[in-house]
Amino acid sequence: MEIHEPTIIYIKPTTGLAALNLRDLWIYRELVFFMVWRDVKVRYKQTLLGMAWAVIQPVMTMLVFTFLFDKVAKLPTEGIPYPVFSFTALLPWGLFVTALNQGSRSLVAHNNMVTKIYFPRLILPMSSVFAGLVDFAIAFVILIGLMLYYHVTPAWNVLWTLPLFLLLAVITALGVALWLSAINVQYRDVNHALPFLTQFWLFLTPVAYSASIISEKWRIVYSLNPMAGVVNGFRWALLGSGNGPDLSLWVSVTIAVLILISGLFYFRSMEKTFADTI
Amino acid sequence: MSIAISVNNLSKRYRIGAAETKFRYNMLRDVLVDTVYAPVRLAKALTGRAERKGEQNFVWALKDVSFDVEEGQVLGIVGRNGAGKSTLLKILSRVTEPTRGTVTVRGRVGSLLEVGTGFHPELTGRENIYMNGAILGMKRAEIDSKFDEIVAFSEVEQFIDTPVKRYSSGMYLRLAFAVAAHLEPEILVVDEVLAVGDAEFQKKCLGKMGDVAQQGRTVLFVSHNMSAILRLTQEAIVLNKGQLIMRGPTQQAVDFYLSSGQAQAGERIWEAEEVPPNAAPFRPIAMRLKDQKGRVVDTVRSIEPVTVEMEYRLEAPLSGLRVGFYLSTMRGEYVMTSFDTDDASQYEKHGTRNAGHYISRCTLPADLLNEGRYSLGVNASSFGVRRYFQDEQALAFNVDISGAPGTQWAEPRQGPIRPRLDWKIEKVE
C-alpha cells in the first residue's frame, strides 16, 4: 500500500462571501465528468427512440413554428428560410431550457448525496448544465443538414464566434440554474414556477420571431435578457443576419456575467445550510 | 502520536421553527387560508423577515464540544437520541457546517453510511463502481487499481455488466459496501445508529471497522449497542444535549452513561424538540412502566406482572403501523422484541390507524426476568416502508428477584430470564 501524506482539512464556519472554494472544485473535477456522463447515459435509458429525442424535440418545435409563424403569420426573417431561421435559435434555447430545468432541480433530486457526503455542491447544477451540451451537439448535426439543404453558408469567423456565443448561453444558463437550485432547496415553489418561467422567457427571446421587429429605442431594454443576445449572436454567426456584435450584445454579456457571479455567491452563501434544510 | 482530529469549541445551531410553520392541508379551509396568505409569505421571504422571526426558535445540537483523537485511536461516542452524535459526525464528514468552532482533520474522512450514495439503478455494476468511487472522492486511477478487488469482495462478478436495478437487494448492498470499504480513508466514521441493512450487513460493517482499526487507522464509532462499544473501543466520549459530559476508558464511560439520566422513575417523556422532524406523523409522548396497581415504577418484582405503556399521537392516518419495544440488558444483549400488532387479528383490526391520541400497552408476565438492570427501547414503524421513530434506550429499570425461583440460594444466576419452570422429580431406581 502506498503511503502518502494525508491532507489536512480545516472545518470552520464560512463567513460572508469568503471562499468560493474553487480548489475543491478542481480536486473534484472528475466527479463533474462522471455526473455528466451518468446524466447522458441514463437520460434516454428504457426509451424506444433513445438519443433521437435530442433531435425530435427541436425539430417538432421548428415544424410547428414554421407552420404558425411562417405560413400563417408570415413573420419577417430577413430573407432566410424560416426552418433554418428558427432552428438556429431553438438550439441554444433548448440548451438553456434543459439546463434550467435539470439544473434547478439538481440539488433536490440528489438530496441523498447532499445529506450524506461532502463534495462541492456546485458540481450538481454545473453537471446538469454541461449534460445539456451533449443534446446540443446532436441537434447541431441536424442544423448542418438544414443549412446544406437551404444553401446557407456561414462566414469563416463562425469558427470562433459561435463557440463564444455558446459560452454566453452556458454562462446564462449556469447563472440562472445556480440561483434557482439554491432557492429550490428551501422553497419548492421553484418547481411550480419553472414551466411558467420558461414559457414567459421564450416570448421575451427572439426564437420564433426576428429581433429586428423590436423598435430601435427598446433594443437596449430588450437585450437585458441575455438569451436575446445569445440567439441574435447565433443567427449572426451562422446565418449572417442582423448587425453582429453591438452595444446590445455587450448589455447581454454584462447581465449574463452578473447573473453568474451573483449566482455563485448566493449559492455559496446558502451551501452551508443545504444539508440542514433540503 | 500525532493528532488525527482536533475539535475545538464546536457548536451547531439548528432552526426548529421550520417544521412547525408548515401548513397542514387537512381541511379545505386550511388550503383556502393558506392560498390567501401566499403573497404575504412571498413578501416576507423576499424581504428576509421570515428569517429574522425564526431566530428565537433555535436549538443547539452541539455546544462547545472539544476533544482530540489520536492517530490510530478507536473512539466510541455514546449518548441518547438527540445528544448530538450524528450532528458531530456530519460536521466531521463536512456534510454540514458548524455554527461556531473549528475542527482540524488530518486525512480523508470516510463513512460507512455513504454506501450506495449516487448509485443509479439504470447503470451497470461496473459503471456504478466508478460513479460511486468518484462521489466518495476517489481518483479514477485509484478505482482502476482497486476495481478487481472491489468486484471480488462484492461477490457479483457474474452480474457486473448488468444494470443494478436487476440486482437483488442483497447484491446491491454488497456492491455498494464493497466500494465504500475500499475507499481506505485515514479516518473512518461509523454511525451504527443510522446504519441501514440487515444484521448480516451490520456485522460486516463492524468487521470492516475492526480491520481498519487493526491497520492503525483512526475510527469514530457511534452506537447504542453498549456491548459493541465495549468490545471495539478502548476510549469513549459521552454526549448529552449537545455537550461533552465525559471522556474516559470505555468501561467507565459506559457505566457513567448508563447510570446518568437513565433512571427516570419508570417514565420517559419526549419533549417536542427531542423528536426528530422526520418522525412525523408519528409523535411519541411517553413510555411508562407500571406495576399491577397502575403506579409508575422503576423497579419491578420478577414475580409480578408489569405493564409497558407507549403513549403517542398520530398527526395523520397511518397504515401498517406497529408500535413496540425492545427489551435488552444493560450490556446490549437483546432479550426480546414485541409489537402491538404482532397478533394477526390485532393487525387486521388496527391495519390503519386514524389520526389521534393513542396508548399501546401490554403486560409482561410474572416470572420472566432475572435480577439486574434492563432497558426498554421504542420502535414505531411500518414494516418494509418506513421507521418513524426509534429510541433504543428510552427507559431503564431494575428487576428485583425476591421470591423468585431459586432465591433460597444466595448466588447470581446466569442469563437474563428467570422463568418458574415446572420441574418433576422422578425416582427411577
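Values as computed for the structure displayed
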{"quantity": "Condition met for residue A:131 (more than 13 Å from chain B (Cβ to nearest Cβ), assigned to a helix (DSSP H, G or I) and more than 18 Å from residue A:264 (Cα to Cα))", "calculated": "yes"}
{"quantity": "Pairs, first within 15 Å of residue A:63 (Cβ to Cβ) in region A:83-108, second not in a helix (DSSP H, G or I), C-beta under 6 Å, six or more apart", "calculated": "A:84/A:150; A:84/A:152; A:85/A:77; A:89/A:207"}
{"quantity": "Test set (1) farther than 23 Å from residue B:295 by Cα; (2) part of a loop (DSSP other than H, G, I, E, B) - residue B:346 fails condition number", "calculated": "(2)"}
{"quantity": "Residue identified as touching a residue at least 12 places away in the same chain (Cβ under 8 Å), over 30 Å from residue B:108 (Cα atoms), part of a helix (DSSP H, G or I) and touching a Phe, Trp or Tyr at 6+ places or on another chain (Cβ under 6 Å) among A:182, A:139, A:173, A:177", "calculated": "A:173"}
{"quantity": "Residue satisfying all of: in region A:94-109; surrounded by 21 or more Cβ atoms within 10 Å (Cβ to Cβ) and out of contact with any Phe, Trp or Tyr (no Cβ under 9 Å at 6 or more places or on another chain); nearest to the other protein chains (Cβ to nearest Cβ) among these", "calculated": "A:106"}
{"quantity": "Helices (runs of 4 or more DSSP H) wholly inside region A:199-278 containing at least 3 residues that are surrounded by 23 or more Cβ atoms within 10 Å (Cβ to Cβ) and either among the small types (Gly, Ala, Ser) or out of contact with any Leu (no Cβ under 9 Å at 6 or more places or on another chain) (or both)", "calculated": "A:226-239"}
{"quantity": "Top-ranked residue in region A:1-36 [being of a type outside the set (D, E, K, R), touching a Pro at 6+ places or on another chain (Cβ under 8 Å) and closer than 15 Å to residue B:137 by Cβ; ranked as modelled with the lowest pLDDT]", "calculated": "A:21"}
{"quantity": "Only listed residue being of a type outside the set (Lys, Arg), touching a residue at least 12 places away in the same chain (Cβ under 8 Å) and surrounded by 20 or more Cβ atoms within 10 Å (Cβ to Cβ), chosen from A:152, A:129", "calculated": "A:129"}
{"quantity": "Residue under evaluation residue B:75, criteria (1) within 8 Å of chain A (Cβ to nearest Cβ); (2) under 30 Å from residue B:395 (Cβ atoms), criterion not met", "calculated": "(1)"}
{"quantity": "Restricting region A:40-77 to residues that are within 30 Å of residue A:120 (Cβ to Cβ) and touching a Gly at 6+ places or on another chain (Cβ under 9 Å), the residue that is modelled with the lowest pLDDT", "calculated": "A:44"}
{"quantity": "Residue match in region A:220-241 (condition: modelled with pLDDT under 90 and over 27 Å from residue A:157 (Cα atoms))", "calculated": "yes"}
{"quantity": "Residue in region B:111-144 that is nearest to the other protein chains (Cβ to nearest Cβ), counting only those that are out of contact with any Ser or Thr (no Cβ under 8 Å at 6 or more places or on another chain) and farther than 26 Å from residue A:40 by Cα", "calculated": "B:113"}
{"quantity": "Qualifying residue in region A:33-50 (condition: away from chain B (no Cβ under 14 Å) and either at positive phi or in contact (Cβ under 8 Å) with a residue 24 or more places away in the chain (or both))", "calculated": "no"}
{"quantity": "Among residues of region A:186-220, those that are without any contact (Cβ under 8 Å) to a residue 12 or more places away in the chain and under 22 Å from residue A:235 (Cβ atoms), counted", "calculated": "8"}
{"quantity": "Strands (runs of 3 or more DSSP E) (entirely within region B:255-335) containing at least 1 residues that are surrounded by 15 or more Cβ atoms within 10 Å (Cβ to Cβ) and touching a helix residue (DSSP H, G or I) at 6+ places or on another chain (Cβ under 9 Å)", "calculated": "B:282-290, B:321-329"}
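Residue by residue, here is whether (1) of a type outside the set (D, E, K, R); (2) at pLDDT below 90 holds:
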site: B:331; (1), (2): no, yes
site: B:362; (1), (2): yes, no
site: B:379; (1), (2): yes, no
site: B:402; (1), (2): yes, yes
site: B:408; (1), (2): yes, yes
site: B:415; (1), (2): yes, yes
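The values are calculated or read from the model by the stated rules, or taken from the named source; none is laboratory data. Since the structure is predicted, the reported quantities are computational estimates derived from the model, not experimental observations. Because the Cβ atoms are built from the backbone with ideal geometry, glycine has one as well, and the counts that use them run over all protein chains shown.
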